[in-house]
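Q: Before I ask anything, let me first share the structure, which is written out below as structure tokens.
The values are calculated or read from the model by the stated rules, or taken from the named source; none is laboratory data. Quantities reported herein were computed from a predicted structural model and do not represent experimental measurements. Neighbour counts run over all protein chains shown; Cβ positions are idealised from the backbone, glycine included.
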Amino acid sequence: MKRTVFVILLSLLASSAARAAPKEDATVKLNRENVAMRITFDNDKSITVTDKGTKLAPGMYMVKSVVLVMKDSRGRTCQLRGAGKLGGMTSLTVADGQEKVLDTGPPVMLHLRAWAGKDDRGQRLRIYFHVEGEYGECYYPGAWVRGKQPPRPAFRVKNASGKVVGTGQLTPKNGACSTDWYLPGGARGTFKGKLTVEVRAKMGPFKWEGGTWEAEFE
């Protein structure tokens, strides 16, 4: 009987000590150098994460927005600002004492699509473009430099021989960009063949990939 009581007391003491033990903050890091990610949570608390690591209390946090920050070759602060869609960054969960490494940051993908079609005005390319990070999070197309909004992304259209047959700018809306580009010839146009669309945005120091798409008129 005494032994049973003693075991119960030890168990209660151990349980009490475990409950009383202070939790250790987690460390959140980026696996990229020379870039920072500012993460804002639903409670409006923000943290800035770099490869050096930043402390965060254990728990699950719902992410409201993300911003990538880098310095360019002239020492100016440049940002890629989140455009709403968070992809795999919708939440951030960290455990007691955990070191959590976020595999995100440059290079970002310039996702471009172009569809060949025709309407009353003639043959057209419907061009759609957005910028996406490693976790599927979206950014406004173009780097903000010292808080200044970037220009609208430009595009050009090349024929099969590589000749530029059209240029223009994309119209931003809801974090993405799009436009309709019409081929010469109006409603009577009969072009057949492939066209290549290239889009370029002022990305500052942020490395990028993609930005080219091929469409075919049959």
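Q: So, in the stretch 135-149, exactly how many residues are in a loop (DSSP other than H, G, I, E, B) and in contact with a helix residue (DSSP H, G or I) (Cβ under 9 Å, 6 or more places away or on another chain)?
A: Step one: filter the stretch 135-149 for residues in a loop (DSSP other than H, G, I, E, B), giving 135-137, 140-143, 146-147, 149.
After this cut, where a residue has to be in contact with a helix residue (DSSP H, G or I) (Cβ under 9 Å, 6 or more places away or on another chain) as well, the list is 135-137.
Within the stretch 135-149, residues that are in a loop (DSSP other than H, G, I, E, B) and in contact with a helix residue (DSSP H, G or I) (Cβ under 9 Å, 6 or more places away or on another chain) number 3.
Q: How about the stretch 24-81: which strands (runs of 3 or more DSSP E) wholly inside it have at least 3 residues that are of a type outside the set (A, V, I, L, M, F, W, C) and in contact with a Ser or Thr (Cβ under 8 Å, 6 or more places away or on another chain)?
A: Where strands (runs of 3 or more DSSP E) fall fully within the stretch 24-81 and carry at least 3 residues being of a type outside the set (A, V, I, L, M, F, W, C) and in contact with a Ser or Thr (Cβ under 8 Å, 6 or more places away or on another chain), they are 59-71.
Q: Residue pairs, Cβ under 7 Å, 6 or more apart or interchain, first in the stretch 87-98 and without any contact (Cβ under 8 Å) to a residue 60 or more places away in the chain and on the phi > 0 side of the Ramachandran plot, second of a type outside the set (Gly, Ala, Ser) and surrounded by 13 or more Cβ atoms within 10 Å (Cβ to Cβ). List them.
A: 87/135; 87/137
Residues checked against (1) surrounded by 15 or more Cβ atoms within 10 Å (Cβ to Cβ); (2) modelled with pLDDT of 95 or more; (3) touching an Asp or Glu at 6+ places or on another chain (Cβ under 9 Å); (4) under 14 Å from residue 109 (Cα atoms):
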{"position": "138", "(1), (2), (3), (4)": "yes, no, yes, yes"}
{"position": "143", "(1), (2), (3), (4)": "yes, yes, yes, yes"}
{"position": "169", "(1), (2), (3), (4)": "no, yes, no, no"}
{"position": "188", "(1), (2), (3), (4)": "no, no, no, no"}
{"position": "198", "(1), (2), (3), (4)": "yes, yes, no, yes"}
{"position": "218", "(1), (2), (3), (4)": "no, no, no, no"}
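Q: Same structure again: Any residue that is surrounded by 14 or more Cβ atoms within 10 Å (Cβ to Cβ), out of contact with any Gly (no Cβ under 7 Å at 6 or more places or on another chain), at pLDDT 95 or above and of a type outside the set (A, V, I, L, M) - is there at least one of those in the stretch 67-75?
A: yes
Q: Please return the ranges of strands (runs of 3 or more DSSP E) entirely within the stretch 154-218 where 3 or more residues are of a type in the set (A, V, I, L, M).
A: Details: elements: 154-158, 164-169, 171-173, 176-182, 193-200, 208-210, 212-217.
Output list reads 193-200.
Q: Would you please name the residue that is modelled with the lowest pLDDT, looking only at residues in the stretch 83-134 that are buried (at least 16 other Cβ atoms within 10 Å of the Cβ) and assigned to a loop (DSSP other than H, G, I, E, B)?
A: Among those residues, the one meeting the criterion is 105.
Q: Kindly evaluate residue 214 against the criterion of being acidic (Asp, Glu), in contact with a Ser or Thr (Cβ under 7 Å, 6 or more places away or on another chain) and surrounded by 14 or more Cβ atoms within 10 Å (Cβ to Cβ). Break it down into steps so the answer makes sense when it comes.
A: Working: acidic (Asp, Glu): yes; in contact with a Ser or Thr (Cβ under 7 Å, 6 or more places away or on another chain): yes; surrounded by 14 or more Cβ atoms within 10 Å (Cβ to Cβ): no.
Considered against the rule, which asks whether it is acidic (Asp, Glu), in contact with a Ser or Thr (Cβ under 7 Å, 6 or more places away or on another chain) and surrounded by 14 or more Cβ atoms within 10 Å (Cβ to Cβ), residue 214 comes out as no.
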